[in-house]
Amino acid sequence: MSAPTVIRQGRAADAPPVLAEPTPRWKPALAVVAVWFLVWWFTKGTDTLVLAGRDQTPVMKTMAAFRDEMIAGRSTNPVMVVTGAIADALRGLVAWLQRLISIPADPRPVPIIGWLGVTAIATWISYAVANWRIALLTLGTFLSFGVFGYWSDSMDLLIVVLVAVTISVLIGLPLGILAGTSKRANSIIEPILDFLQTMPTFVYLLPIVLFFGIGASSAVVSTLAYAVPPLIRISAHGIRTVNPAMIEVTNSLGQTSWQRLLKVQLPLAKRTIIVGLNQTTLAALSMATIASFVDGPGLGRPVLDGLRINDVGKGLVPGLLIVAMAIMLDRLTTAASERSDVIARGGGLPNALHKRILIGGGVLAVVAVFVSRQQFWAAEFPDLGIGRAIARSADGIVDSIVSTISPVTEGIKNVITYGLLNPMQAFIAESPWWLAALGISAIGFVIGGLRGLIPTVVALAGIWYFGLWHSAMITLVMTLVATLLCMVLAVVIGVAMARRKSVDTLVRPLLDAGQTIPAFVYLIPCLALFGPTRFTGIVASIAYAAPAAIKLVADGVRGVSPTTMEAVRSTGASTMQQIRKVQLPMAKASLVLATNQGLLFVLAMAVISGMVGAGALGYDVVLGSFRSEEWGKGAAAGLSIVLLGIMLDRIARRAAEAAPAGSQRRRFSNRGI
Amino acid sequence: MAESALSVRNLWKVFGPDAEKLIGTPDLQLSRKDLLAKSGHVIGVKDVSFDVAPGEVFVVMGLSGSGKSTLVRLLTRLIEPTAGTVHLGDTELTAMSEEQLREVRRRQISMVFQHFGLLPHRKVIDNVGFGLEIRGEDKTTRRARAQNMVDLVGLSGYEQNFPDQLSGGMQQRVGLARALASDPEILMFDEPFSALDPLIRRDMQNEVIRLHHEVGKTMVFITHDLAEALKLGDRILIMRDGEIIQMGRPDEIIGAPADDYVKDFVSDVPKSHVLTLRWVMREPSSPDEGAGAPALKDSTIVRDAARAVLAHDGLVRVVDEHGAFVGVVDDEDILRVVVAEDS
C-alpha cells in the first residue's frame, strides 16, 4: 500500500500537509480471504504437506548430522572448545554454590551453610537493601521453601537466577551505557535486541544445549540470553532520556565525558536502571524455571514432572513456591530502588537506630550460620511431609472443583474448539500449501505493502523448506485464535478499566501479579481445568498474554483527553457510542500495539503449551529438547516458530506504523517465553 | 583587543546539513522562510559583532526565536558557531581545543540557565560545589567555597535540602551560587528569571544588581523582558531573526529607536524612568541663556530631574560630564515626557 497522498493547494507554505482519505485495508483483505475460500472449497485436503509421526525430512537429517558432527568435534572444533570451557566454568560455579547452600557438600551430609544460616542471611540482606516489611516477606518465603519440602530445589533455582542476573549486569550494564551514549553503538545493538525479543525464547534451548550441554550450564546461558535484553534496553533508555538541559548545564561547567557519565547520566538514570534490574530478575526466574526442560536444576523440575504425567497435584506446590519466589524478588528489587532514594535523602529510620539494627541483625545472621553448621536440625530442613500431604489433597480438591465447574469449562472449550478453532484449522491447515502461502502473502501485502510482503514470503519459504508446513499452519491457527480471544478480553476489560476507576483498582493488582508470575506456572491451572488439549494451550497463552494487552488498551483509552470526552457527552452520545465512535478509534495505536504484543506473547507460549496437548510445532520442539534422535526435527520446528514469529511481528509492525504516530510505545521486554 | 572582556566578530550560526558551505554565499541574504524552503537551512545567528567591557552588564534582548539563546550558547561553544570569532580577553575561544575550552568553562565563564538545571540527586551544597568538583578540587575546599556562595545568595540554612524542596526563586539562587562558585570572569545568564513569578523576579533582579556591586563580574544577560533589560543593562543589544537590530545604552534605545520594530517594542515603557535630560533638552539659543539657573547633568534621568525643574521657575541649564553647558530644559519639556505616559 502506498504512502498517504499529500495534497497542497493554495495553502501557506508552512501549513501542515493535507492528507487524502486513506483506503480502508480491511476491504482488500476480505477480498483475499473470499478468493482463498473459493479455491479452498475445491482443493481442500490436498497438498497439505502433513508429516507423519516419526518421519523426518532430509533437511532435518542434515541438521541432526550437523549436530552429531559438532558433538563429535567437542575437543577439536574451536567454537565447541570455547563454549565447552564456558559451560564447565558455569557448571563448576553452580555446583560450588549448590554445595554451599543446597546439596550435601562432601564429606558433610549437609550443605556448608544450612537452611537456618541461609534464611538469616537472606533476611538480613533484605533488611539492609530494602526495609523490615520486605525482610519479613523474605523470611516467610524462605521458610515456606523448607516447610513444603522443596528447600533444595528452591535454592537451586535461586542459584541459577542469581548467577544469570549477576552475569546479566556485568554484560548488560556496559552495553546499555554504550547504547545510551553512542548513537552508532545503539544502531548496532538495537536491531539485535529486537530480533532476540521477537524470538520465542523456548527455541533458544535447542542450540544452547548443543553448544553448552544439558544441565546447569545450559540453564544459566539460556536464562542469561533471555534476561539480558531488558536490562540493556531499559538502562540505555534511562541514560538517553536524561534531561538534555541537565547535560548542557553541566557541560557549561567544563566536565569531561567521563565525569558526565559518572556524575550526571548514571545518577539520574539510576532509578530507571533498577527498574531494568527488576525486569531482568523476573525474566531470569521465568526462564530458569523453563530451563528444567534441559535438565536445569531448580523448582521447574518438579513442576515439569507433574506436567509430563498430567498430575496437577504434584506440580501445584512447587508452582506456588515459584510464584512466591517471584513475588519476593519483585518486591525486593522494587523496594530496593525506592529505598535508595530514601537513603540518599537522609530519610528512613534514624541513622543510629538503623545502624544498631543492621549490626544486631548481622551478628544474628553469623550466629545462625554457625549454628546451621553445628546442629543437624538447623542444617537440613526437617521433613514435615506437608508438601506431599498438600499434593495428595490437592488432587482431590482439584478434581472436585474441576468436576463442579466442568459443565462451564467444557462449554467454553467446546464453543471455542468447534466454533472457532476447528473451522479455522480446517481452512488454513487443510488448504494446499501453495494456496495458504499465496493467501498469507497477499494479506501481508495488503497490510504492510512490499515491506510486509517480503518478510512474509521469505518466512513462508523457510517454513516450507524445514518441512513442517502442516504443523506450522496449526500453530499459526492457534496463535491467531488465541490472539483474537486475547484482544476481545483486552478490549472489554481495558475499556471497563478506563471508564470506571473502581474496576481499575480491582483489576490492576491482578494484572500486575499476572505479569510477575513465570510463564511456566500458568500451565498448571490450565491443565487442571481443561485437560491436555489444544484448547489448554490457547487458554494458557491468553492467560499469559492478556495482562499486558489489557493494560495497553486501558492506558490507551484513558489517554483520550477528558475535554474531548466532555465534548462528546455534550452531543448526547450513548455509552456504546462513546466507546465505539470516540474512545476505541482514538486509542487505535494502543490497540494495534496490544495486538502486536499479544501475538508475540501468544506465539511464545504456544511452544510451552506444546507439552500439554497443544501439539504442532511446540510439541516437536519439546520432544527435540530431550530426545536426541528427534533433535533434527525439534530444530526444524524451532526455526519454523522463529520464522512464524518474524512474519507475524513484521506484519503487525507495518500495521502499527500506519496507526497514528506518537502513541506508540517502545517495547522494553516482551517477557515472553 | 584586551580592553574588552569579550569580543565577538561576525558570528554566524546556520543550522542544517551543509551549513559551513553556505557561509559567504548570497543565499544567506534570503529571508529565513525562503532559505529553509531552498536548502533546508535555518539561520540562528546572523553576522553578529559586539564587545563587552570588563565589569559591564551587557543585555541581549529579543522575542522567542530571535536567536538570543543560540547566541549566548555560541559564546561558550555549547553550540559550535558556523563562522566568526569569539575572543575572551586576548585568547580566541573559537580556536581552542576541547581541553582548553573545558578549562575556560571551569574557571573563566559560568552560566545561569532558565530552568535552573539543578541536579535532583544532589543537595544544595553539592549542587553549588559541582563545578569545583568537576575541576578536581578536594572536598574541604569545595565545601567551604560552596558554603560561602550559599551565604552570598542568601540561602544559609538550606545547604542540606534537595532542589525539589525549594521554591523556584530559591532554586535559581542555587543556580546563581553554582555559577559564582568557580569565581569566573564572566557570568552568562540565559533568561534566568522568566520561569519565576513577577514578585520573585523583581527580587532576583535586585539580587543580581547587588551581586554585581559586590563582586563586579562582567555579565552577559539574555532576556525577552524589556523592563528587565532596561533595569539591569549598561548596554542593550536587540535581536530579531538572528540579527542585531540596535545596540546602545537604555536611554539610546528609548530615545532613538532604530526602527518601527524597536519603537513598537518600547512604546509601553515609562520613558521618564529611562530617558535622560540629554534626550529632552533643547539647544541653548545663546551661551548666556538661563544664566544663574541651577544646572543638572545631562545623564540625569528625567524622573529624577522633574522635581528640581518643576520647582524652579523658568529654565534649567544642562551640562555634560565636563561641566560644559550643552542645553536647557523647562517645565514643558519635562511634562511632555511624564504626562505622555499617562494618556
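The values are calculated or read from the model by the stated rules, or taken from the named source; none is laboratory data. Please read these numbers as outputs of a predicted model, since none were measured by experiment. Virtual Cβ from ideal backbone geometry, glycine too; neighbours counted across all protein chains shown. Please note that ligands, DNA and RNA were not included when accessible areas were found on the heavy atoms of the full protein model with its side chains. Shrake-Rupley method; radii C 1.70, N 1.55, O 1.52, S 1.80 Å.
Tabulated data for the structure shown
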item	result
Filter result (surrounded by 20 or more Cβ atoms within 10 Å (Cβ to Cβ) and assigned to a loop (DSSP other than H, G, I, E, B)) within the stretch B:223-237	B:G233
Residue that is farthest from the other protein chains (Cβ to nearest Cβ) [pool: residues in the stretch B:82-110 that are assigned to a helix (DSSP H, G or I), within 20 Å of B:L71 (Cβ to Cβ) and open to solvent by less than 40 Å² (accessible area, probe 1.4 Å)]	B:T94
Pairs with Cβ under 7 Å, 6+ apart, first in the stretch B:29-40 and within 12 Å of another protein chain (Cβ to nearest Cβ), second in a helix (DSSP H, G or I) and among the charged types (D, E, K, R)	B:K38/B:D27
Subset of the stretch A:573-607 (residues that are farther than 27 Å from A:L476 by Cβ, part of a helix (DSSP H, G or I) and aliphatic (A, V, I, L, M))	A:M576, A:I579, A:V582, A:M586
Subset of the stretch A:512-523 [assigned to a helix (DSSP H, G or I) and closer than 18 Å to A:A604 by Cβ]	A:G514, A:Q515, A:T516, A:A519, A:F520, A:V521, A:Y522, A:L523
Failed item in (1) hydrophobic (A, V, I, L, M, F, W, C); (2) within 11 Å of chain B (Cβ to nearest Cβ); (3) open to solvent by less than 20 Å² (accessible area, probe 1.4 Å); (4) closer than 30 Å to A:V221 by Cβ, with A:L266 passing the rest	(3)
Qualifying residue in the stretch A:201-211 (condition: at positive phi, away from every other protein chain (no Cβ under 14 Å), modelled with pLDDT under 85 and open to solvent by 20 Å² or more (accessible area, probe 1.4 Å))	no
Boolean, B:I79 is among the hydrophobic types (A, V, I, L, M, F, W, C), over 22 Å from the mean Cα position of the chain (by Cα), open to solvent by less than 60 Å² (accessible area, probe 1.4 Å) and more than 25 Å from B:K231 (Cβ to Cβ)	no
Given (1) at pLDDT 75 or above; (2) within 14 Å of chain B (Cβ to nearest Cβ), number of the condition A:G347 does not satisfy	(1)
Which listed residue, of B:D164, B:D197, B:D203, is closer than 18 Å to B:V57 by Cα, in contact with a helix residue (DSSP H, G or I) (Cβ under 9 Å, 6 or more places away or on another chain) and surrounded by fewer than 19 Cβ atoms within 10 Å (Cβ to Cβ)	B:D203
Within the stretch B:117-158, tally of residues that are open to solvent by 10 Å² or more (accessible area, probe 1.4 Å) and away from chain A (no Cβ under 12 Å)	18
Residue match in the stretch A:275-290 (condition: closer than 30 Å to B:H115 by Cβ, surrounded by fewer than 22 Cβ atoms within 10 Å (Cβ to Cβ) and within 14 Å of another protein chain (Cβ to nearest Cβ))	no
Selection count where residues are touching a Gly at 6+ places or on another chain (Cβ under 6 Å) and without any contact (Cβ under 8 Å) to a residue 60 or more places away in the chain, scope the stretch A:546-566	1
A:A227 vs. criteria under 28 Å from A:R74 (Cα atoms) and either among the polar types (S, T, N, Q) or more than 13 Å from chain B (Cβ to nearest Cβ) (or both)	yes
Matching residues, the stretch B:33-50, being crowded, with 17+ Cβ neighbours inside 10 Å and of a type in the set (D, E, K, R)	B:K46
Pair list, Cβ < 9 Å and 6+ apart or interchain, from the stretch A:70-81 residues that are free of Cβ contacts under 8 Å to residues at least 40 places away in the same chain to residues that are among the charged types (D, E, K, R) and open to solvent by 100 Å² or more (accessible area, probe 1.4 Å)	A:N77/A:E69; A:V81/A:R74
Test: residue in the stretch A:305-325 that is in contact with a Phe, Trp or Tyr (Cβ under 6 Å, 6 or more places away or on another chain), β-branched (V, I, T), open to solvent by less than 30 Å² (accessible area, probe 1.4 Å) and at pLDDT 80 or above	yes
Among residues of the stretch A:175-195, those that are β-branched (V, I, T) and either without any contact (Cβ under 8 Å) to a residue 40 or more places away in the chain or not in a helix (DSSP H, G or I) (or both), counted	2
Subset of the stretch A:532-554 that is open to solvent by 20 Å² or more (accessible area, probe 1.4 Å) and at pLDDT below 85 - its residue that is nearest to the chain's Cα centre (by Cα)	A:R534
Output for the stretch A:244-263, where each listed residue is open to solvent by 40 Å² or more (accessible area, probe 1.4 Å) and more than 9 Å from chain B (Cβ to nearest Cβ)	A:P244, A:S257, A:W258, A:R260, A:L262
